[in-house]
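We did not get these values from a lab; they are worked out from the coordinates using the rules stated. Just so you know, these numbers come straight off a predicted model, no measurement behind them. Here the Cβ positions follow ideal geometry from the backbone for every residue, glycine too, while neighbour counts run over all protein chains shown.
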Number of protein chains: 2
Amino acid sequence: MTFANVGTIDVQPGHRDDVVAILSRHNPQLAAAGCLSYEVGVDDEQPDTVFVAELWTSREAHDDSLQLESVKEAIAEAMPMLTGDMGGHRFEVAGSPLRD
Amino acid sequence: MTFANVGTIDVQPGHRDDVVAILSRHNPQLAAAGCLSYEVGVDDEQPDTVFVAELWTSREAHDDSLQLESVKEAIAEAMPMLTGDMGGHRFEVAGSPLRD
């Protein structure tokens with residue numbers, strides 16, 4: 001079942017764009033691991049927050065991807081710039097008005 | 001700039017699947033209005049919440065879509081089953097690790 005992970009990642013002041021750059025860095029392993037969509041974004045009204053919206057072929061695919069070396073490296077690189085506060089939601093996709 | 005709208009919609013107990021059905025009903029007007037992705041989902045740990053994750057060609061396209069008759073009708077149909085509590089985040093997409 002398609003799985004969605006949407007989240008907020010609070011960053012140290014001034015480091016938002018650094019974290020966006022790390023999370024947006026092209027990683028061909030993700031698609032192979034079952035990542036269907038992975039958008040990284042910002043909202044100028046929340047200058048110290050990075051947003052992610054991800055779709056995966058399954059919850060397991062998402063969770064397994066966190067063991068990929070490339071993903072662990074990106075997280076380790078970003079970690080010093082994070083405050084540790086994260087939020088968001090995870091859900092199983094049940095349908096879409098874009099699909100018949 | 002691609003715009004993301006991710007949200008939670010709290011529903012009256014027992015009406016989650018009714019609201020999912022309304023929001024997932026095929027609506028060809030959305031793609032024409034700039035909707036790139038629109039996923040409706042559930043999390044069994046939160047039985048009275050419906051989740052949405054949407055991508056649009058722009059914030060304006062998203063906001064304009066709320067004036068479509070088909071969208072207004074769907075909202076009106078779902079409204080009696082909602083508690084009124086909604087949450088979520090809106091952001092501008094800055095990049096993706098799936099894209100070079």
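Rounded, prolate or oblate: which one fits the protein assembly as shown, using the alpha carbon gyration tensor with axes a ≥ b ≥ c (rounded when a/c is under 1.5, else prolate when a/b beats b/c, else oblate)? Since a/c reaches 1.5 and a/b is larger than b/c, the shape of the protein assembly as shown is classed as prolate.
In this assembly of identical copies, the label point of B:P80 (Cα plus 7 Å along Cα-to-Cβ) is separated from its counterparts by 5.9 nm, sorted shortest first. Would you tell me the mean number of C-beta atoms belonging to other protein chains that fall within 10 Å of each C-beta in B:65-73, as a whole number? The per-residue average across the peptide is 0. Axis angle, to the nearest 10 degrees, between helix A:69-78 and the longest C-alpha principal axis of chain A: 40 degrees.
In a reduced charge model with +1 at each Lys and Arg Cβ and -1 at each Asp and Glu Cβ, the range B:3-92 shows a dipole moment near 240 debye about its Cα centre.
At 0.36 nm per residue, minus the direct Cα-Cα distance, what do B:E45 and B:Q67 gain on full extension? Give it in nm, one decimal, please.
Working: separation 22, 0.36 × 22 = 7.92 nm, distance 3.30 nm.
Computed gain between B:E45 and B:Q67 is 4.6 nm.
By Cβ position, the chain A residue that hugs the axis carrying A onto B most closely, with its distance in whole Å, is A:V6, 2. Here is how far apart the B:A21 label points are across copies: 5.1 nm, shortest first, using a point 7 Å from Cα toward Cβ.
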